[in-house]
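Participant: Handing you this structure, nothing more for now.
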Amino acid sequence: YEPELIRNFCIIAHIDHGKSTLADRFIEKARLVSEREYKDQILDSMDIERERGITIKSQAVSLPFTSSDGKTYHLNLVDTPGHVDFSYEVSRAISACEGALLIIDASQGVEAQTLANMYMAIEHDLEILPVINKIDLPSADIEFVKKQIDHDLGLDMDIAIPISAKTGQGVDELLEALVQFVPPPKPLIDNPLQALIFDSHYDPYRGVVVHIRVMAGRIKLGQEVLFMATGGRYVIEETGVFRIGNEKREELRAGEVGYIIAGIKDIGKVRVGDTVTSARNGCTTPLPGFKEVKPVVFSSIYPVNSDDYEDLLSAIEKLKLNDASLIYEKDSSVALGFGFRCGFLGLLHLEVVQERLEREFDLSIVFTSPSVRYRVTLSNGEKLSIDNPLEFPDPSQIQHAEEPYIKATLITPAEYVGPIINLCLEKRGVQESMTYLDEKRVELVYSMPLAEVLFDFYDKLKSLSRGYASFDYEITDFRPTDLVRLDILINGNPVDALSQLVFRENAAYRARKVCKKLRDEIPRHQFKIPIQGAIGATIIARETISALRKDVTAKCYGGDISRKRKLLEKQKEGKKRMKMVGNVELPQNAFLSVLKAD
Ligand code: GDP
Ligand code: MG
């Protein structure tokens, strides 16, 4: 145990600047060293493949590195989640470290999340080593990025290390700089145990594997520990460090990063940011910064084919094993049958879940319009939290409603400032500041409703700025809003799954959009079908599908019998995917096209 040889660090970056690629280089190096040192051990271990998978996935890795000073250091890479919705988890991972590698893409320069992540690292007193990545690209401009490091970030540009995470160029120099630059952990071995939970993952054989950084004291095999925020008490069954697999140890000591396994089956019992201490004579105060993370974006998920409900349930349960921030409960809709109401940390989190359900579990699903959670005060003083349009109270009972606001930070090349300001205005944004970072780039800070960001904000921002503007946000507070429920009626029948909670002034526009889409998707029937958008009894948008003049199958009569049978078969197939709303057949595509984000 030589704490002065430990270096705990994380990699922070704007998305796509090369964090994962650099982590892969480190993991590769760790494996090379491990395979040389521990060859026999590895071959003996039957679980190695499984453990390898876990280690690579969670990217917690410890890398022995022999520096030019002749000493061998233990470098612990603490993984941070990659996107804005997980800023709390990023903050916990950061506080498990003494230093951070701040990666900047040499062809893109500083962006919104570069700054947001750097501020977070500064807040936690980390030493920040700037790293200029992708220097192999012809468009790399190292000198320009150095200027930004000096001017925008206020860091020492002379210590910046140019690398290519892709080719490996400069990575050894980077490690050399890291051990010199990042300080070792403070040796608080004699204090009572204080370990920070910064991540966790689920192992089907062992239950939850909790990733910890021991801040003070020691944590031992067989010890009874207390999770201070949840009050859970567990006995340590295994502890160790992240090497090529999980490498068992008798104990972890102050300054070390590793894992504990303690027979925990439910990841919900393990909260990122919680403090682990010993059940007897433990520390009296938890580590600072713990926060209960709450979902802020809600949507219902339904299987396209109702028969897939059980498959959807088991897929969501599997995702939940590894994702404590995913919240779900049963939901049902007259139009779509049984499904789940889910809560997410943000729109990107929702998209990740959607993509995993579709790709990894091969499910066809429909997400209803994402909604934020509103605070509604009724005339009788009762306060409600509402995210599901189906639970919206009678408007006459509502005294007032409030919606969540965000502080949005945008960085854009100066030529797109005009259109972006217009977009923010259109999204009810109020400008807080506008700063020229240099001649070419502007930082805009807006306060705006979170609900507006859920509705074609990213896409518009990207297309307005040709992909150059970057965006970061944090939730700030709740402010009064004029909230209504927009209902969609098909042939006079409301379709519950298409209802949305919207700001009154946006209702007409939204309603027109939905009605137009439905008009294009619903086939003609024998009768005329009105499609309407309504707030209560007031119709605010309308489209009509005119009636069929003739029965389409008529032209087959008298024709070739096998052709007719084929046609009928096809219609039967099609019917299965039709939902009935009153007497109108609604193809699944109609839901998909309306509910898919534009
Ligand atoms: P992350 O979002 O920060 O984790 O970024 P990734 O590591 O996923 O990298 C984003 C993209 O940049 C990927 O297509 C990588 O292959 C590419 N990339 C990363 N590092 C380099 C590099 O040094 N040179 C080049 N040419 N491409 C890189
Ligand atoms: Mg990545």
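The values are calculated or read from the model by the stated rules, or taken from the named source; none is laboratory data. A quick note: this is a predicted structure, and the numbers were derived from the prediction, not measured. Cβ sites come from the backbone with ideal geometry, for glycine too, and all protein chains shown count toward neighbours. For accessibility, only protein heavy atoms count, side chains too; no ligands or nucleic acids. Shrake-Rupley method; radii C 1.70, N 1.55, O 1.52, S 1.80 Å.
Participant: Name the single residue that is least open to solvent (accessible area, probe 1.4 Å) among those in the range 124-144 being more than 28 Å from the chain's Cα centre (by Cα) and of a type in the set (V, I, T).
Facilitator: From the range 124-144, those more than 28 Å from the chain's Cα centre (by Cα) are 135-144; that's our starting set.
Keeping just the survivors that are of a type in the set (V, I, T) gives 135, 142.
Working: I135: 36, I142: 52 Å².
That would be I135.
Participant: Output the residues belonging to the range 121-148 that are within 15 Å of ligand 1 (Cβ to nearest atom) and basic (K, R).
Facilitator: K134
Participant: Which of the residues spanning the range 98-113 are of a type outside the set (D, E, K, R), open to solvent by less than 10 Å² (accessible area, probe 1.4 Å) and modelled with pLDDT of 90 or more? Reasoning before the result, please.
Facilitator: We begin by selecting, within the range 98-113, every residue of a type outside the set (D, E, K, R); these are 99-104, 106-110, 112-113.
Among the residues that remain, those that are also open to solvent by less than 10 Å² (accessible area, probe 1.4 Å) are: 99-104, 106, 109-110, 112.
G99, A100, L101, L102, I103, I104, A106, G109, V110, listed by residue number.
Participant: Pairs under 6 Å by beta carbon, first residue more than 21 Å from H124 (Cβ to Cβ) in the range 6-26, partner part of a strand (DSSP E or B) and within 8 Å of ligand 1 (Cβ to nearest atom), six or more apart or different chains?
Facilitator: Final answer for the pair search is G18/I103; G18/N133.
Participant: Given the structure, is R218 farther than 30 Å from G18 by Cβ, of a type outside the set (S, T, N, Q) and either within 16 Å of ligand 1 (Cβ to nearest atom) or at pLDDT below 95 (or both)? Quick ask: steps written out before the conclusion?
Facilitator: On the way: farther than 30 Å from G18 by Cβ: yes; of a type outside the set (S, T, N, Q): yes; either within 16 Å of ligand 1 (Cβ to nearest atom) or at pLDDT below 95 (or both): no.
Against the criterion (farther than 30 Å from G18 by Cβ, of a type outside the set (S, T, N, Q) and either within 16 Å of ligand 1 (Cβ to nearest atom) or at pLDDT below 95 (or both)), R218 does not qualify.
Condition check ((1) modelled with pLDDT of 80 or more; (2) within 30 Å of K440 (Cα to Cα); (3) within 16 Å of ligand 1 (Cβ to nearest atom)) across all residues:
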site: E2; (1), (2), (3): yes, no, no
site: N8; (1), (2), (3): yes, no, no
site: H17; (1), (2), (3): yes, yes, yes
site: T21; (1), (2), (3): yes, yes, yes
site: E35; (1), (2), (3): no, no, no
site: P64; (1), (2), (3): yes, no, no
site: S67; (1), (2), (3): yes, no, no
site: Y73; (1), (2), (3): yes, no, no
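Quick grid of which residues meet (1) touching a residue at least 40 places away in the same chain (Cβ under 8 Å); (2) among the aliphatic types (A, V, I, L, M):
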site: L321; (1), (2): yes, yes
site: L326; (1), (2): no, yes
site: V334; (1), (2): yes, yes
site: G343; (1), (2): yes, no
site: S369; (1), (2): yes, no
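Participant: Could you tell me how many of the residues in the range 467-494 are part of a loop (DSSP other than H, G, I, E, B) and either in contact (Cβ under 8 Å) with a residue 40 or more places away in the chain or buried (at least 17 other Cβ atoms within 10 Å of the Cβ) (or both)? Even if it seems obvious, please write down each step before you answer.
Facilitator: Of all residues in the range 467-494, those part of a loop (DSSP other than H, G, I, E, B) come to 467-469, 482, 491-492.
Cutting the leftovers down to either in contact (Cβ under 8 Å) with a residue 40 or more places away in the chain or buried (at least 17 other Cβ atoms within 10 Å of the Cβ) (or both) gives us 468-469, 482, 491-492.
Looking only at that region, the number is 5.
Participant: A follow-up question, please. Can you find even one residue in the range 149-171 that is in a strand (DSSP E or B), touching a strand residue (DSSP E or B) at 6+ places or on another chain (Cβ under 6 Å), modelled with pLDDT of 95 or more and within 15 Å of ligand 1 (Cβ to nearest atom)? Give the derivation first.
Facilitator: Our first condition is that a residue be in a strand (DSSP E or B); within the range 149-171, this holds for 161-162.
If we keep only those that are touching a strand residue (DSSP E or B) at 6+ places or on another chain (Cβ under 6 Å) too, we end up with 161-162.
In the following step, the residues that additionally are modelled with pLDDT of 95 or more were identified as 161-162.
Going one step further and asking which of them are within 15 Å of ligand 1 (Cβ to nearest atom), we end up with 161-162.
Yes, the range 149-171 contains a residue that is in a strand (DSSP E or B), touching a strand residue (DSSP E or B) at 6+ places or on another chain (Cβ under 6 Å), modelled with pLDDT of 95 or more and within 15 Å of ligand 1 (Cβ to nearest atom).
Participant: Follow-up. Anything in the range 15-28 that is open to solvent by less than 60 Å² (accessible area, probe 1.4 Å) and away from ligand 2 (no atom under 11 Å from the Cβ)? List them, or say none. Write out each step before concluding.
Facilitator: The initial filter retains those residues of the range 15-28 that are open to solvent by less than 60 Å² (accessible area, probe 1.4 Å), namely 17-19, 21-23, 25-27.
Across the range 15-28, the qualifying residues are R25, F26, I27.
Participant: Filter the range 430-451 down to the residues that are open to solvent by 10 Å² or more (accessible area, probe 1.4 Å) and farther than 27 Å from K147 by Cα and list them by number. Explain how you work it out, then say what you get.
Facilitator: Of all residues in the range 430-451, those open to solvent by 10 Å² or more (accessible area, probe 1.4 Å) come to 430-441, 443, 445, 451.
Residues satisfying the conditions are V430, Q431, A451.
Participant: Which ranges mark the strands (runs of 3 or more DSSP E) fully within the range 325-417 that have 2 or more residues being open to solvent by 10 Å² or more (accessible area, probe 1.4 Å)? Let's see the steps before the verdict.
Facilitator: On the way: elements: 327-333, 337-344, 365-367, 374-378, 383-386, 398-413.
Here the list reads 327-333, 337-344, 374-378, 383-386, 398-413.
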